[in-house]
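In what follows, a structure is listed as structure tokens, so that the remarks can point back to it.
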Amino acid sequence: MKTFLKLAGLFTTTLITVGCQFYARAPEDYSKETGALLASKNDEIKSCYDEVLKTDSKAEGIVAVTFKVEKKTGKIVDPAIDKERTTVSDTLSACVINAINGLTLDPPDQRDGLASFEYEFKANAPKQL
């Protein structure tokens, strides 16, 4: 009976160890993978900019955002505009925040990630005919 309990305890410990894997990225990998995640919303963010261009054909500038990537879930939370570095309208800034809010890094990391990212917008010069 004692042998059975020891084996059962060993099996339970092994099962828990195998079932709980932690992923820890190097800072360079964290940056690269977070950048790729943000890039998945480029089309949506470009649509935001296209809407602004309809009313201001010369609109350009930078949207600087800060956010946290939650450990264990990988979810982007608390995205905010860095007002000191942002040079575009509040409308475009809000659209960028809405686009990235809630994105999820998969697999999640075992550490919280604090990040900042800049989107640069430039109007294309009109084509010469």
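The values are calculated or read from the model by the stated rules, or taken from the named source; none is laboratory data. Nothing here was measured: the structure is a model prediction, and the numbers come from that model. Backbone-built Cβ (ideal geometry, glycine too); neighbour counts: all protein chains shown.
Worth pointing out:
- The residues listed here are V77, V69; of these, the one that is within 23 Å of S31 (Cβ to Cβ), hydrophobic (A, V, I, L, M, F, W, C) and either in contact with a Ser or Thr (Cβ under 8 Å, 6 or more places away or on another chain) or surrounded by 16 or more Cβ atoms within 10 Å (Cβ to Cβ) (or both) is V69.
- Boolean, K72 is at pLDDT below 95 and among the basic types (K, R): yes
- Restricting attention to the range 81-129 and to residues that are under 12 Å from the mean Cα position of the chain (by Cα) and aliphatic (A, V, I, L, M), the residue that is nearest to V52 (Cα to Cα) turns out to be V96.
- Remark: pairs (first residue in the range 21-44, aliphatic (A, V, I, L, M); second residue in a loop (DSSP other than H, G, I, E, B) and modelled with pLDDT of 95 or more; Cβ separation under 8 Å; 6+ apart in sequence or on different chains) = L37/L103; L38/L103.
- The number of residues in the range 7-48 that are exposed (fewer than 10 other Cβ atoms within 10 Å of the Cβ) and at pLDDT below 85 comes to 8.
- In the range 95-125, of all residues being of a type in the set (S, T, N, Q) and at pLDDT 90 or above, the one that is nearest to F67 (Cα to Cα) corresponds to S116.
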